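Since the structure comes first, as structure tokens, the remarks are kept for the end.
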Amino acid sequence: MKKLLLMGLLATVAAGRVQAQLQQGTKYAAATISFNGSVNKTKGGPTLTEKGSSHYFDPSIQFGKFIAANRLVGLGIGSNLAFITQKSRYNNEDYKYVTNQAAFNLSPFIRQYKSISPKWAMFLHAAATFSYLRYTTKNNVEHEKQNGFGAGIQVAPGISYWITPRFALESDINLLSLGVDYRDINKTNTLQVKSAVSGSLTSYFSVRASWYLQSQN
């Protein structure tokens with residue numbers, strides 16, 4: 001069903017009128033910063049205390065240019081960073097576990113737009129992502145580092161709203177996204193088909209600030 005919805009959206013977006021921001025030659029720049037985290041503390045009787053924290057930070061930027069009316073080609077540069085700490089105290093003995101995970105990404109993409117009104121447009125975004133992965137873990141007795149790489153493809157629809165002729169807010173609609181993700185780290189290979197259900201998405205919508213810079217004749 002999700003594939004049919006994406007195919008229908010592609011057919012809808014493939015044709016449509018062209019508004020000024022989506023003309024051939026317009027340059028595009030965008031930035032996204034998202035972060036979230038949690039802190040917890042539990043007490044299991046008089047001899048056990050546990051504390052933990054997790055923080056996630058995902059900055060990214062995108063650049064591109066319209067190679068034809070309604071059609072944008074570009075490159076995304078970003079990272080996914082996770083910092084997780086778990087501490088426990090049992091019978092006056094302390095235990096600490098720390099893991100840091102980082103993925104540094106390059107994502108060439110193509111995007112097709114369709115104007116809905118002078119301020120609104122739909123788009124279909126397709127991207128390939130290539131990642132360098134670095135994981136570190138540390139506890140009371142061990143300190144381990146792992147390096148690897150990842151690759152994937154993703155297709156997701158979205159919508160743009162222009163606040164000014166040059167500045168817009170965009171939202172990817174992850175609820176309808178489809179993708180494939182491959183990772184090779186520490187001699188372990190994983191292949192995952194991702195969607196809004198199987199991909200464990202933290203949010204169905206993500207907001208991005210974007211600028212559309214038209215060429216001056």
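Can you find even one residue in region 33-46 that is open to solvent by less than 60 Å² (accessible area, probe 1.4 Å), under 24 Å from Ala121 (Cα atoms) and within 18 Å of the chain's Cα centre (by Cα)? For region 33-46, residues open to solvent by less than 60 Å² (accessible area, probe 1.4 Å), under 24 Å from Ala121 (Cα atoms) and within 18 Å of the chain's Cα centre (by Cα): present.
Mind listing whichever residues of region 81-137 are within 30 Å of Gly52 (Cα to Cα) and aromatic (Phe, Trp, Tyr)?
Result: Phe83, Tyr90, Tyr95, Tyr97, Phe104, Tyr132, Tyr135.
All conditions but one from (1) closer than 21 Å to Ser79 by Cβ; (2) hydrophobic (A, V, I, L, M, F, W, C); (3) surrounded by fewer than 16 Cβ atoms within 10 Å (Cβ to Cβ); (4) modelled with pLDDT of 90 or more apply to Leu169; the one that does not is (1). No other residue among Thr137, Thr99 is β-branched (Val, Ile, Thr), more than 24 Å from Ala31 (Cβ to Cβ), in contact (Cβ under 8 Å) with a residue 12 or more places away in the chain and surrounded by fewer than 16 Cβ atoms within 10 Å (Cβ to Cβ) apart from Thr137. Among residues of region 33-81 being free of Cβ contacts under 8 Å to residues at least 12 places away in the same chain and assigned to a strand (DSSP E or B), the one that is farthest from Leu213 (Cα to Cα) is Lys43. Checked against (1) within 30 Å of Ser88 (Cα to Cα); (2) aliphatic (A, V, I, L, M); (3) crowded, with 17+ Cβ neighbours inside 10 Å, Met122 passes all but a single condition, namely (1).
Against the list (1) under 24 Å from Pro59 (Cβ atoms); (2) out of contact with any Asp or Glu (no Cβ under 7 Å at 6 or more places or on another chain); (3) open to solvent by 30 Å² or more (accessible area, probe 1.4 Å), the condition Asn80 fails is (2).
The values are calculated or read from the model by the stated rules, or taken from the named source; none is laboratory data. In this text, all values refer to a predicted model and were calculated from it rather than measured experimentally. Glycine also receives a Cβ, built like all others from the backbone with ideal geometry; neighbour counts cover every protein chain displayed. These area figures cover heavy atoms from the full protein model, side chains too; ligands, DNA and RNA do not enter into them. Shrake-Rupley method; radii C 1.70, N 1.55, O 1.52, S 1.80 Å.
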